Structure formats: structure tokens, C-alpha cells
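Comments concern the structure below.
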Amino acid sequence: MVKAEVITIGDEILFGQITDTNTQWISTELTNIGIRTIRKSSVGDDEQAILEILAEAESRADVILITGGLGPTKDDITKKTLCTYFDTELSINEEALAFITAFFEKRGRPMTELNRLQAAVPNNCTYIPNRWGTAPGMWFERNEKVFISMPGVPFEMKNLMTHTLLPKLQAFFETPIIYHKMLRTIGIGESFLAERIADWEDNLPPHIKLAYLPNFGQVRLRLTATGTDLEQLKKETQAEVEKVLPLIDVNVFGYDNDEIETVVGRILKERGQTLSTAESCTGGYASHLITKVPGSSAYFVGGVITYSNEVKIAELGVKPSTLAEFGAVSEQTVVEMAEGVRQRLHTTYGIAASGIAGPDGGTDEKPVGTIWIASAGPNGTVTQKLQLGKFREQNIQYTGVYLLNLLRKQLLGL
């Protein structure tokens, strides 16, 4: 397996002034050509720190990819540091100079001496033309290892990688094919899921690996197959998926890039059915998830945020006697909310949530994190009680996801 390390250079990344999106994109693209990223690092504009991290990366990786620090100003020191690391000097590359000159002439802008110096690259590198900017790409080889320096601007870096560097890496290294298949599960904890599929996991073929990726009530099961024949890997991976599905089919809501809101929306749209929401503790978060999906207007009619009891009564028809006897956070109230919004907005389904998001407001009987959710449809109303934690934002996010899953299960008769 060819191993890669990705290094981002720039004080602005360490100071938190910009978000590093480059490393995630680079790692994904490397995986697609059979190169495994083993480490990602960020370092400031400090020569000694860059030299140290380059030496560390060279000791453990086959290809080292560097982004950033290639601008025309004095704080961009990547090229000079690479000269120190590879014991060489900078000199003007005529191909780079011609391109940069044409770049400025085409835009009707004067080229300064600083711009001219961007055509300077280390003598022992292979110059990689950058058709999307003025900072050059650079390719170094030493001891059968490859170092690649690229601009930090995502648009330039991505084009440079896609059109030049990824094909060049494939030609340089003999890389296997890596194929990923993701099962998206919901409503079951990571440890419980692992116990349920333990025997299946233990019997996976050696070239197919499993990873657990949990996030807000969901666990992604990522199968990674490595080999030389893509179609064969797809067949083998699908065979393993079919083996495990009977164990967890109730919890599997989708595959690969599916999100719960996308899956629910797809079902509603295919059936020509509609949806409305009544939200208290989530404050519109479930509606936000639903409307994130392009085309959601085909099935989502609208929602009501009923944060107070008065609004629950006036807008949804929740009975005052229900609130008085059972409270706002109760199965009885959330049922009336879901059925009320369905009737008021004339939709096929209505979903509702009411609870104590926190961090205060709880009681011994109903502690923080107590939340009731409901889904009302043509064949009745289903409910679920959630007992979450003490963190408000997490409780809201978990509730939104679980609410949509409750609707999914009702839609599918699960």
C-alpha cells in the first residue's frame, strides 16, 4: 500500500482564520487511486518547523503533498524552505515566466517584480504548470519517494491535482484499487451494533475492512475493499452487504451519501405524499433538515414552531386539559401536536417534537433530555420517548434526526 502524508502550511490555518478544506479533498482523491493517507499535519510559516515536519513525513510516507506558502509575499516561505531541504537553489523557470507574463497581459494588469519571482522554482524539481493561477506546482523525487508542493487556493489546487498530479502519481506508483461501500444506520448505538454484527465482521475476507463512523444517532458502516479488479470488488462487497442486512435491516436507512432527510423526502415524493412539522424544543431544526434537500417543496408544506403552551393550543388545537394533566413534555401532548399540524396544514403526515433540551428546566420526573416525538399519518400515530443528555445543541440535533427516522419507519411500516 502506497502511503501519503498531507501537510498544510500557513499561520492563517493555525490561527483559525481560514478553514482547511484541502486535506479532506486530497485524502478522498488519493484513496480513489489506491493511495492511503496516514497522517495530516498543519504547520505555520516557520522554516525550522517546516523542515522538521518534512523530515518526519519522509520517514513514514511514500508521497508527501504540501499545500500553501507559495504566494509572492515575504511571509510565503515554502519554496525557499524546500530549497534548504533538498540542498538546492531557486532559479527562474522560463516556462513558468512565460505563463505568468501571459496571465497578467491577458488581464491587462502590470506584472511586478514580486510576480516575476513566482516563476522561480528549486533547480532540482519538476515544474508543474498551474493553468488556474500564478503559483507553480513542484514535483520532487528522492529515494523513491515523491514530494509535491501545490498552491493553497482550493480552486487552483484541485485543478492541478485532477488534471496533472493524480495521473502522474498513478503512473509513478503501482497502486491497488480501493472501493468503499457505506451502510447508513440509525437508532442503534455503536457498541450494540458491533455486538449484533460481530460474527459477520469476524468472517469478512482479509481484503475487506470494516470501520464504524458514529454521528448524532447514526452509525455509518464503511466497507473498504482493496484489490486489482473494481467490478470484482463491487460484487464481493455487495455480497457482504447482503449477508449483514438481515441482522440490521430495520436500522439501515440508506447507503453511501444518503442522509435521513434525503431518504424520507424520496419516499414522500415517489408516493405523492406531503409532510408538515410541529416543533417545540427543536425550534425548527427538523424543518431545516427537510428543506436542506433540493426539491423538498414537492412534499414539504410547512411547519409551526409552538414554543409556548398558548401557541400549541391556538395553532395546533392541543387541548388545555391535556397540557394541564400531562404537561407539554408528554406523549399525549405530542400526539395532539402531530395530529393537529397534519389537520391544519392538510398534509399526509405530520411530525412533532416536545421536550426539555436543557441545560436547565428539568425535574426529577422529567430530567433534561426528556423528549417526546410523534408521527401522525393516515393509519394512525406512532410515538417515541427519547432520554438524551444535558447538552442543548446535541439534544436538538439528535431529536431532529430521530424524528425523521420515526417518520421513515412509519412510512415503511417498520
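Here is how the numbers come out for the structure above:
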{"read-out": "Residues located in the stretch 269-299, provided they are assigned to a loop (DSSP other than H, G, I, E, B) and under 12 Å from residue 352 (Cα atoms)", "value": "280, 281, 282, 283, 284"}
{"read-out": "Selection status of residue 181, open to solvent by less than 60 Å² (accessible area, probe 1.4 Å), basic (Lys, Arg) and either free of Cβ contacts under 8 Å to residues at least 12 places away in the same chain or over 30 Å from residue 100 (Cβ atoms) (or both)", "value": "yes"}
{"read-out": "Single residue of the stretch 308-333 satisfying the filter (hydrophobic (A, V, I, L, M, F, W, C) and crowded, with 18+ Cβ neighbours inside 10 Å) that is nearest to residue 383 (Cα to Cα)", "value": "329"}
{"read-out": "Cβ-Cβ under 7 Å pairs, at least 6 apart or on other chains, the stretch 153-169 side touching a residue at least 12 places away in the same chain (Cβ under 8 Å) and within 14 Å of residue 23 (Cβ to Cβ), far side open to solvent by less than 50 Å² (accessible area, probe 1.4 Å) and part of a helix (DSSP H, G or I)", "value": "154/22; 157/22; 161/26; 161/29"}
{"read-out": "Residue match in the stretch 40-54 (condition: charged (D, E, K, R), at pLDDT 95 or above, within 22 Å of residue 86 (Cβ to Cβ) and in a strand (DSSP E or B))", "value": "no"}
{"read-out": "Residue, nearest to residue 143 (Cα to Cα), within the stretch 83-114, restricted to residues that are of a type outside the set (S, T, N, Q) and in a loop (DSSP other than H, G, I, E, B)", "value": "86"}
{"read-out": "Total residues in the stretch 334-347, condition open to solvent by 30 Å² or more (accessible area, probe 1.4 Å) and either in contact with a Phe, Trp or Tyr (Cβ under 9 Å, 6 or more places away or on another chain) or of a type in the set (Gly, Ala, Ser) (or both)", "value": "2"}
{"read-out": "Among (1) out of contact with any strand residue (DSSP E or B) (no Cβ under 7 Å at 6 or more places or on another chain); (2) crowded, with 20+ Cβ neighbours inside 10 Å - the single one residue 361 does not satisfy", "value": "(2)"}
{"read-out": "Qualifying positions in the stretch 55-85 - among the aliphatic types (A, V, I, L, M), open to solvent by 40 Å² or more (accessible area, probe 1.4 Å) and modelled with pLDDT under 95", "value": "none"}
{"read-out": "Conditions (1) assigned to a helix (DSSP H, G or I); (2) over 30 Å from residue 180 (Cβ atoms); number of the one not met by residue 70", "value": "(1)"}
{"read-out": "Tally of residues being open to solvent by 80 Å² or more (accessible area, probe 1.4 Å) and either in contact with a helix residue (DSSP H, G or I) (Cβ under 9 Å, 6 or more places away or on another chain) or assigned to a strand (DSSP E or B) (or both) across the stretch 13-39", "value": "6"}
{"read-out": "Those helices (runs of 4 or more DSSP H) lying entirely in the stretch 300-414 with at least 1 residues more than 29 Å from the chain's Cα centre (by Cα) and aromatic (Phe, Trp, Tyr)", "value": "320-326"}
{"read-out": "Pick from the stretch 230-250, criterion open to solvent by less than 80 Å² (accessible area, probe 1.4 Å) and at pLDDT below 95, ranking: farthest from residue 193 (Cα to Cα)", "value": "230"}
{"read-out": "Answer residue from the stretch 131-149, given it is modelled with pLDDT of 90 or more and in a loop (DSSP other than H, G, I, E, B) and is most open to solvent (accessible area, probe 1.4 Å) among those", "value": "144"}
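The values are calculated or read from the model by the stated rules, or taken from the named source; none is laboratory data. Just so we're clear, the structure is a prediction, and the values are computed from it rather than from any experiment. All Cβ positions, even for glycine, are placed from backbone atoms using ideal geometry, and neighbour counts span all protein chains on display. Side chains included, ligands, DNA and RNA excluded: accessible areas come from the protein's heavy atoms. Shrake-Rupley method; radii C 1.70, N 1.55, O 1.52, S 1.80 Å.
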